[in-house]
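J.: Below is one structure. I have some questions about it.
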Amino acid sequence: MDHSQAPVLDALAAYHREGQVPFTPPGHKQGRGADPRVREVLGDAVFHSDLLAISGLDDRTSSHGVLERAQELMADAVHAEQTFFSTCGSSLSVKSAMLSVSGPGEKLLVGRDAHKSVVSGLILSGVRPIWVEPQWDPSRRLAHPPSAEAFAARLDEHPDARGALVTSPTPYGTCADLAAIASACHERGKPLIVDEAWGAHLPFHPDLPTWAMDAGADVCVTSVHKMGAGLEQGSVFHQQGSLVDPSVLKAREDLLGTTSPSVLLYAGLDGWRRQMVEHGRDLLQDALDLAARVREQIAAIPGFNVQGPDDFTGPGPGRAHDLDPLPVVIDIADLGTTGYRAADWLREHHRVNLHLADHRRISAQLTFADGEDTVAPLLTALRDLREHIEPVAEQVQVPAPDELRLELVVTPRDAFFGPAEQVSADEAVGRVCAEMLTPYPPGIPVVLPGERITAPVMEYLRSGVDAGMVVPDAADSSVKTVRVFIEH
């Protein structure tokens with residue numbers, strides 16, 4: 001296929017060149033109606049390219065096939081059979097994938113380290129999750145993706161499960177053995193969905209972890225806005241094989257998606273695909289080289305332990321299969337502070353915004369857009385942090401892995417939509433949760449609707465909030481009170 005083409009961008013250029021006059025939404029009419037103060041901040045180009053996909057980018061019947069051609073090019077670029085663009089982020093894409101495999105009351109194997117968007121899909125659909133335990137590292141208090149053996153065992157325990165979903169890479173860059181998990185699923189006639197939101201770059205360089213389509217996954221969801229050059233909410237989901245019907249997948253996306261998709265987001269996805277096919281390997285090689293240098297320089301700062309393959313990967317329990325080196329994860333436990341406090345200090349004093357922070361780690365997410373000019377202020381800020389950060393008294397009480405495993409009493413849907421009440425944190429212990437309690441980022445729920453709350457988990461959340469953890473989706477973000485299900 002001719003990857004020098006960019007059908008969405010070409011159609012946008014034609015729209016402007018032809019001087020077409022819109023009597024359709026959007027109501028700003030190419031920015032003419034927009035407040036000048038808004039245009040001053042956003043720029044005129046945003047409004048000029050914000051138009052309808054139909055009767056704008058394409059004609060009323062989509063006879064020019066603009067979006068269809070752009071999706072075909074994307075599929076070819078990443079070795080998929082079908083690709084669909086989403087303008088509602090991978091949060092929508094992963095729900096579409098889940099609903100294409102399982103329906104209300106049916107079982108789906110899900111890694112318990114799934115993002116909150118997966119849990120939202122369970123709540124909306126009524127799918128019954130069969131949890132697959134992650135690979136817990138008890139010394140670092142960190143979860144890596146579940147093993148292939150864990151998926152195989154759960155599939156044998158639940159032969160009526162409709163399929164499986166795994167998250168890889170995690171926000172920390174650790175990756176599952178996708179080929180082995182796909183094989184375990186396919187041996188039993190089950191499809192595999194991969195939430196690969198953090199892996200848009202993986203198909204374009206051989207030294208990066210194997211990406212889901214090459215590993216044999218049936219559906220893969222990717223956030224191009226995370227590790228690519230798409231605009232926020234720009235996502236794609238890919239399909240291959242016969243275990244998931246692409247027409248069903250598209251129908252589920254139509255059910256959940258917007259009828260007013262953003263052409264701006266389509267254009268970003270289209271242009272990024274062309275960029276990666278033409279220049280991706282060189283751009284990513286530069287990024288990998290930069291990441292290696294940055295890792296060495298940060299590791300030379302006393303108190304900073306840069307996490308790499310020796311820390312995260314290898315055989316045995318508590319280890320990941322592979323690691324993406326572009327997320328630079330730094331353990332700062334030796335500094336006597338939390339990642340939350342460190343991240344806040346870096347933003348306040350150096351205007352450096354980190355990717356994620358937890359009870360003992362911070363992470364800087366590098367992409368091919370970074371260079372010496374962006375990492376220089378990061379390194380300066382980290383050295384300054386080492387000199388000025390003060391130890392904190394607040395300690396996050398992180399439970400052992402076995403104490404993080406909670407009993408699922410009712411389905412997430414039943415607990416979320418069922419009768420509920422708000423009670424104190426102490427009274428919530430022993431009750432069934434009716435909301436998600438999710439430290440963000442990275443957005444992996446500690447407690448789900450339907451799980452019975454335990455004292456160690458509640459202590460973890462309360463001590464975490466006191467130390468700087470953010471739990472934004474709780475009805476009470478201080479977690480002094482919790483919404484719980486009223487059991488009959």
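J.: With the structure loaded, tell me whether L67 is of a type in the set (A, V, I, L, M, F, W, C), outside any loop (DSSP other than H, G, I, E, B) and open to solvent by 50 Å² or more (accessible area, probe 1.4 Å) or whether it fails that test. Spell out the reasoning first.
T.: Working: of a type in the set (A, V, I, L, M, F, W, C): yes; outside any loop (DSSP other than H, G, I, E, B): yes; open to solvent by 50 Å² or more (accessible area, probe 1.4 Å): yes.
So L67 fits the description; yes.
J.: Could you give me the residue pairs with C-beta distances under 6 Å whose first residue belongs to segment 62-74 and is over 13 Å from F84 (Cβ atoms), whose second residue is surrounded by 23 or more Cβ atoms within 10 Å (Cβ to Cβ) and small (G, A, S) wherever it lies, and which are 6+ apart or on separate chains?
T.: V66/A11
J.: Follow-up question, since we're still on this one. Take the residues of segment 361-396 that are in contact with a Gly (Cβ under 6 Å, 6 or more places away or on another chain) and crowded, with 20+ Cβ neighbours inside 10 Å: which is modelled with the lowest pLDDT?
T.: Among those residues, the one meeting the criterion is V396.
J.: Count, please, the residues in segment 315-343 that happen to be outside any loop (DSSP other than H, G, I, E, B) and out of contact with any strand residue (DSSP E or B) (no Cβ under 8 Å at 6 or more places or on another chain).
T.: Restricting attention to segment 315-343, the residues satisfying the condition of being outside any loop (DSSP other than H, G, I, E, B) are 320, 322-323, 327-331, 333-335, 339-343.
From the residues that got through so far, the ones that are out of contact with any strand residue (DSSP E or B) (no Cβ under 8 Å at 6 or more places or on another chain) too are 335, 341.
Here the count works out to 2.
J.: Here is a follow-up. Testing P203 on (1) out of contact with any helix residue (DSSP H, G or I) (no Cβ under 6 Å at 6 or more places or on another chain); (2) open to solvent by less than 10 Å² (accessible area, probe 1.4 Å), one condition comes back false. Which one is that?
T.: (2)
J.: Now, a different point. Within segment 419-435, how many residues turn out to be part of a loop (DSSP other than H, G, I, E, B), farther than 9 Å from G450 by Cβ and open to solvent by less than 30 Å² (accessible area, probe 1.4 Å)? If you could, list the steps in order and put the result at the bottom.
T.: Kept after step one, since they are part of a loop (DSSP other than H, G, I, E, B), are these residues of segment 419-435: 419, 429-431, 434-435.
Now restrict to residues that are farther than 9 Å from G450 by Cβ: 419, 429-431, 435.
So of that shortlist, the ones also open to solvent by less than 30 Å² (accessible area, probe 1.4 Å) come out as 435.
Looking only at that region, the number is 1.
J.: Given the conditions (1) more than 19 Å from S260 (Cβ to Cβ); (2) open to solvent by less than 80 Å² (accessible area, probe 1.4 Å); (3) not in a helix (DSSP H, G or I), report the number of the one that R32 does not fulfil.
T.: Among (1) more than 19 Å from S260 (Cβ to Cβ); (2) open to solvent by less than 80 Å² (accessible area, probe 1.4 Å); (3) not in a helix (DSSP H, G or I), R32 violates only (2).
J.: If I filter segment 178-194 for residues that are among the acidic types (D, E), modelled with pLDDT of 95 or more and not in a helix (DSSP H, G or I), do I get at least one hit? Give the steps one after another, and end with the answer.
T.: Going through segment 178-194, the residues among the acidic types (D, E) turn out to be 187.
Among the residues that remain, those that are also modelled with pLDDT of 95 or more are: 187.
Narrowing further to those that are not in a helix (DSSP H, G or I): none.
The answer is no; no qualifying residue exists.
J.: Looking at (1) within 15 Å of V101 (Cβ to Cβ); (2) surrounded by fewer than 21 Cβ atoms within 10 Å (Cβ to Cβ); (3) of a type outside the set (K, R), can you tell me which one S139 breaks?
T.: (1)
J.: Go through the residues of segment 114-127 one by one and say whether even a single one is polar (S, T, N, Q) and assigned to a loop (DSSP other than H, G, I, E, B). Walk me through it before giving the result.
T.: The initial filter retains those residues of segment 114-127 that are polar (S, T, N, Q), namely 117, 120, 125.
Subset that is assigned to a loop (DSSP other than H, G, I, E, B): none.
No, the conditions are met nowhere in segment 114-127.
J.: I'd like the full set of residues that are free of Cβ contacts under 8 Å to residues at least 60 places away in the same chain, of a type in the set (S, T, N, Q) and part of a loop (DSSP other than H, G, I, E, B), limited to segment 221-274.
T.: S242, T259
J.: Among A153, A161, A80, A97, which is outside any loop (DSSP other than H, G, I, E, B) and either touching a residue at least 12 places away in the same chain (Cβ under 8 Å) or open to solvent by less than 10 Å² (accessible area, probe 1.4 Å) (or both)? Working first, answer last.
T.: On the way: A153 fails: either touching a residue at least 12 places away in the same chain (Cβ under 8 Å) or open to solvent by less than 10 Å² (accessible area, probe 1.4 Å) (or both); A161 fails: outside any loop (DSSP other than H, G, I, E, B); A80 fails: outside any loop (DSSP other than H, G, I, E, B).
Selected residue: A97, the only one of A153, A161, A80, A97 that is outside any loop (DSSP other than H, G, I, E, B) and either touching a residue at least 12 places away in the same chain (Cβ under 8 Å) or open to solvent by less than 10 Å² (accessible area, probe 1.4 Å) (or both).
J.: While we're on this one: Suppose we filter segment 403-414 for residues that are open to solvent by 30 Å² or more (accessible area, probe 1.4 Å) and over 18 Å from H359 (Cβ atoms); how many remain? Even if it seems obvious, please write down each step before you answer.
T.: To start, the set of residues in segment 403-414 that are open to solvent by 30 Å² or more (accessible area, probe 1.4 Å) comprises 403-405, 407-410, 413-414.
With the extra rule that they be over 18 Å from H359 (Cβ atoms), the set shrinks to 405, 407-410, 413-414.
Total meeting the criteria: 7.
The values are calculated or read from the model by the stated rules, or taken from the named source; none is laboratory data. Just so it is clear, the model here is predicted, and its values are computed rather than measured. Glycine also receives a Cβ, built like all others from the backbone with ideal geometry; neighbour counts cover every protein chain displayed. What goes into the accessible areas is simple: the full protein's heavy atoms, side chains included, and nothing from ligands, DNA or RNA. Shrake-Rupley method; radii C 1.70, N 1.55, O 1.52, S 1.80 Å.
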